[in-house]
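Only one structure is covered here, and it is reproduced in the block below.
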Amino acid sequence: MLIKVIEPIVYLIIIVNLVIAISYKRKSKKTPVKVVASIVILGIGLFVCDTVYTHRSFSSVEKAVEAYGDNAEIIRILQGENSTYVIMDNEGTVEGKIFPESSGKWKLPDSIFYGTGREYQDVKINIDMSTIEINGEWYVLVTPNDDNYVVADVKDSVGTKFLEAENNKNEKICYGYMEHKPKDYWISVNGEKISLD
């Protein structure tokens, strides 16, 4: 948490030093070594602190969520084989994040293990598929994109068991887990089939 407070201050100091260095350059004067050295040292320090912060481990997924977003409220947790998918309300936005797990310790989703996925969005729904590249686990989150649309009857091409929850607006959301994503993957919401290959 401390890095979240210190980080903006360090950026401000770097910017001030850059402004000083540019003003010396414009006046055709040699930039003082102290100014250049402080920019380099603070930049390296910020990079190291950010790397350590991002790659540290937590004893529970709840502690990892707390470190990820101070205001994130957990809606549901879905445990995979090597990771945990947390659906949360992060300041009014419902999002799903994968927290990699190893030996009973969780890492933040921004670590190098966090992969990419597929996303589908239209006026009625959002479908977010996320994966961790190192183990191939996939998570699917289906949320309404319209206050009047009800997410129901969610199925996919592999028979995933979709679970239900409510977001902060009391709208139904559905989520599921797959060990791997097959080719020609599709998902159906309210009878509408959507290809996510």
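Structure above, values below:
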read-out	value
Cα-based Rg / Dmax (Å) for segment 131-197	12.5, 38
Neighbour-count order for R118, R56, fewest beta carbons within 10 angstrom listed first	R56, R118
Protection proxy ranking of 99-106, 184-191, 138-145 - average other beta-carbon atoms within 10 Å, highest first	138-145, 99-106, 184-191
Segment 58-195 pair-distance distribution - Cα-Cα, 10 Å bins, rounded %	12, 44, 34, 9, 0
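Every number in this text was worked out from the coordinates using simple rules, so none of it is lab data. Everything quoted here is computed from the prediction, not taken from an experiment. Neighbour counts are summed over all protein chains in view; Cβ atoms, including those assigned to glycine, are modelled from backbone coordinates with ideal geometry.
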